[in-house]
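K.L.:
After the structure tokens below, expect a handful of questions from me.
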Amino acid sequence: MRSAKKKVTKKVASKNNTVKKKVAKKATKKVSTKKVVNNKPSIDTAFVDDLAFQQINLVKKTTKKLATDLELKRAALRARRIHWNTDKKQIAIDMLERYTGHDFGDFQQQIILTNFHYYIERFNILLEDSHYTEGSAFKAASSKKAKVTIIEFGVGAAMAALIGELISVVQPKAVLFLGMAGAVHPSLKVGDFVLPIASIRAEGVTEHFLPKQVPALPTFKVQKFVSQILVENGCDYRTGTIHSTDYRFWEFDERFKEKLIEERVLAVEMETAALFVSCFVSKVNIGALLLISDCPMTKDGIKTKKSAKSVFRNYTDRHIELGIEAMADIADRGENVRHYHW
């Protein structure tokens with residue numbers, strides 16, 4: 001009996017041990033499985049950090065190089081401009097004095113530019129304190145009372161670009177070009193005023209200053225001020241785009257005339273685009289008031305010696321008087337012409 005009991009007890013114990021072993025085995029298997037799961041090939045964080053660091057450094061170096069290259073380009077561009085180039089500025093001062101016959105101190109902060117000597121003659125008559133000089137290339141007159149200087153610089157885009165750079169050394173408050181233009185739009189007639197809002201760059205000089213796609217624009221506040229003077233004097237005027245060319249005798253080129261019509265320009269002339277562009281890059285505030293002197297789109301409208309005399313006799317006095325008033329008033333009213341500093 002006791003022997004049988006022992007056998008039963010032994011059997012139960014053996015069974016329990018077997019169960020315990022199975023449970024332990026399963027537990028060990030689970031733990032082992034977990035270890036396998038947890039021991040999957042992991043990413044080396046040190047390697048990732050090092051890679052990220054290298055990429056960040058590469059971006060920094062590339063950015064720094066681009067910034068350096070850009071700054072070098074800017075420096076090269078500045079070196080071409082009078083306001084950044086001390087040597088060029090000194091040469092420009094010397095040239096301005098030599099070309100105009102004016103001492104540097106004679107130039108006033110408001111400047112009128114013109115192609116025609118009659119405008120200077122009229123300036124000298126209207127302003128009693130006018131100081132007139134003739135230089136090797138240009139003529140000039142200044143009035144300290146009116147605070148205005150007028151310069152006759154010649155004809156064409158090349159001369160216009162030159163004077164635009166030269167007057168920048170004076171650092172004028174405002175500049176106004178009083179030029180003449182041929183009518184393209186049929187609604188314009190001789191004696192009308194055009195206040196251009198832009199000029200098509202169809203000459204060859206402005207590409208030395210700015211890429212071709214950059215428009216030739218006046219300083220808005222100068223045009224706004226001249227517009228105000230015209231209204232105050234009861235003068236009608238037109239605004240729009242004009243075409244600037246260095247092509248003479250275009251009046252006999254039908255293809256050129258067709259192009260003008262396609263461009264929807266109001267008028268055509270030679271200097272305005274060069275003045276707008278050269279003055280812009282030289283930090284000069286400039287506007288333009290153009291007088292329609294002929295209607296060359298028609299054969300009978302081309303300017304002649306006789307018709308030119310008629311224009312000067314009937315319309316130019318008003319033109320120069322409005323220009324003087326506009327520039328003198330800008331000086332007196334003390335209006336801030338520049339919108340921003342660059």
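K.L.:
In region 274-308, how many are assigned to a helix (DSSP H, G or I), of a type outside the set (Gly, Ala, Ser) and buried (at least 20 other Cβ atoms within 10 Å of the Cβ)?
P.N.:
Filtering region 274-308 down to residues assigned to a helix (DSSP H, G or I) leaves 274-281, 299-301, 305-308.
Subset that is of a type outside the set (Gly, Ala, Ser): 275-277, 279-281, 299-300, 305-306.
Adding the requirement that they be buried (at least 20 other Cβ atoms within 10 Å of the Cβ) leaves 275-277, 279-281.
Qualifying residue count, region 274-308: 6.
K.L.:
Which of the following residues is more than 30 Å from Lys309 (Cβ to Cβ) and either more than 28 Å from the chain's Cα centre (by Cα) or surrounded by fewer than 17 Cβ atoms within 10 Å (Cβ to Cβ) (or both): Ile93, Ile120, Ile125, Ile82? Give the derivation first.
P.N.:
Working: Ile120 fails: more than 30 Å from Lys309 (Cβ to Cβ); Ile125 fails: more than 30 Å from Lys309 (Cβ to Cβ); Ile82 fails: either more than 28 Å from the chain's Cα centre (by Cα) or surrounded by fewer than 17 Cβ atoms within 10 Å (Cβ to Cβ) (or both).
Sole residue among the options that is more than 30 Å from Lys309 (Cβ to Cβ) and either more than 28 Å from the chain's Cα centre (by Cα) or surrounded by fewer than 17 Cβ atoms within 10 Å (Cβ to Cβ) (or both): Ile93.
K.L.:
Within region 113-141, count every residue that is under 18 Å from Asp94 (Cα atoms), in a strand (DSSP E or B) and polar (S, T, N, Q).
P.N.:
1
K.L.:
Any chance region 218-237 includes a residue that's out of contact with any Phe, Trp or Tyr (no Cβ under 7 Å at 6 or more places or on another chain), within 21 Å of Gly101 (Cα to Cα) and among the hydroxyl-bearing types (Ser, Thr, Tyr)?
P.N.:
no
K.L.:
May I pose another question? What pairs come out if I take residues in region 78-104 that are under 22 Å from Ala140 (Cα atoms) and modelled with pLDDT of 85 or more and pair them with residues that are polar (S, T, N, Q) and assigned to a helix (DSSP H, G or I) whose C-beta lies under 8 Å away, six or more apart or interchain?
P.N.:
Final answer for the pair search is Ala92/Ser168.
K.L.:
Now for a different question. Answer yes or no as to whether Pro215 is at negative phi, surrounded by fewer than 17 Cβ atoms within 10 Å (Cβ to Cβ), free of Cβ contacts under 8 Å to residues at least 24 places away in the same chain and touching a strand residue (DSSP E or B) at 6+ places or on another chain (Cβ under 7 Å).
P.N.:
Working: at negative phi: yes; surrounded by fewer than 17 Cβ atoms within 10 Å (Cβ to Cβ): yes; free of Cβ contacts under 8 Å to residues at least 24 places away in the same chain: yes; touching a strand residue (DSSP E or B) at 6+ places or on another chain (Cβ under 7 Å): yes.
It is true that Pro215 is at negative phi, surrounded by fewer than 17 Cβ atoms within 10 Å (Cβ to Cβ), free of Cβ contacts under 8 Å to residues at least 24 places away in the same chain and touching a strand residue (DSSP E or B) at 6+ places or on another chain (Cβ under 7 Å).
K.L.:
Okay, next question. Need pairs with beta-carbon distance below 7 Å; first residue touching a residue at least 40 places away in the same chain (Cβ under 8 Å) and within region 116-143, second aliphatic (A, V, I, L, M) and assigned to a loop (DSSP other than H, G, I, E, B); sequence gap 6+ or separate chains.
P.N.:
That search, which allows pairs on different chains as well, returns Leu127/Ala146.
K.L.:
In addition: List pairs: first in region 220-239 and farther than 20 Å from Val277 by Cβ, second in a loop (DSSP other than H, G, I, E, B), Cβ under 7 Å, 6+ apart or cross-chain?
P.N.:
Every condition considered, the pairs that remain are Phe225/Glu335; Leu230/Tyr237; Arg238/Leu188; Arg238/Asp192; Arg238/Leu266.
K.L.:
Are any residues in region 313-330 buried (at least 17 other Cβ atoms within 10 Å of the Cβ) and in a helix (DSSP H, G or I), and if so, which ones?
P.N.:
Restricting attention to region 313-330, the residues satisfying the condition of being buried (at least 17 other Cβ atoms within 10 Å of the Cβ) are 315-316, 319-320, 322-330.
Matches in region 313-330: Thr316, His319, Ile320, Leu322, Gly323, Ile324, Glu325, Ala326, Met327, Ala328, Asp329, Ile330.
K.L.:
Restricted to region 240-251, and to residues that are touching a residue at least 40 places away in the same chain (Cβ under 8 Å) and in a loop (DSSP other than H, G, I, E, B), which residue is surrounded by the most Cβ atoms within 10 Å (Cβ to Cβ)?
P.N.:
Of everything passing the filter in region 240-251, Asp246 is surrounded by the most Cβ atoms within 10 Å (Cβ to Cβ).
The values are calculated or read from the model by the stated rules, or taken from the named source; none is laboratory data. In this text, all values refer to a predicted model and were calculated from it rather than measured experimentally. As a convention, Cβ positions derive from the backbone with ideal geometry for all residues, glycine included, and neighbour counts pool all protein chains shown.
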